[in-house]
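The values are calculated or read from the model by the stated rules, or taken from the named source; none is laboratory data. Because the structure is predicted, anything quoted here is derived from the model rather than measured. SASA here: full protein model, heavy atoms, side chains in, ligands and nucleic acids out. Shrake-Rupley method; radii C 1.70, N 1.55, O 1.52, S 1.80 Å.
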Amino acid sequence: MFRQKILLVCLTGALVSGCSMEEIASVNKQISDGAESLTNTLRGSSSSSPDSSGGMPTLYAAQPKAKKDTSKNYNIPVDVDTAAARLRRYYKFMTDEELNTMRNSQNTDRKVVAGAIEEAHPVWAATPGSYYKMGNDWGDEDHLELEVEKNGSGSRLYITYSSPNPKHLTDDFLLPLYVKVKNVAEGKVR
């Protein structure tokens, strides 16, 4: 009974307004087409046919660019602990313990700083007296990693640079960095 009353009210409204069912259908189609056009514009699509996702835009995660590595090795006349300490201090590499302390701090600012450091993909490993590994992102897409290992009374320094940009893997681009890292480890740059 209730449905019949609603139908009667709708029909009466259509008759009183003087609109035919064709006119109502036409207005309804215009509204629908306008809404679809607006949706396509917001999606950045000019197609009027819905895609396989039911008309909803599909978001994709940015795919990281493939990185390639290049490396340089040096024998340096400095013991492994001293060379590693110089590199760590100069380039501000953080140990895992320092990062954990910041992350677990009650101070919100320190937690934020720890989060920013983690986004730079830090690397740290240490066996005092024999081996150290440290590194992090360098610039927007590159990564620098340094390893220092005991080599007799001196050390062996391994520098690995990774980048998706082939120009960043050339000697012209990297030689100044390699020389500076070596000089820092030897104590020539402080």
Solvent-accessible heavy-atom area per residue, rounded to whole Å², over the stretch 79-123 at 1.4 Å | 64
Hey, any idea what % of the stretch 62-190's accessible area is carbon plus sulfur with a 1.4 Å probe?
-> 49
Could you tell me which of the pairs 92/188; 65/92; 72/92; 133/180; 68/150; 65/180 are separated by over 19 angstrom between their Cα atoms in the structure shown?
-> 65/92; 72/92; 68/150; 65/180
By how many nm would the segment from residue 29 to residue 96 lengthen if fully extended, with 0.36 nm per residue of separation less the alpha-carbon distance?
-> 17.8 nm
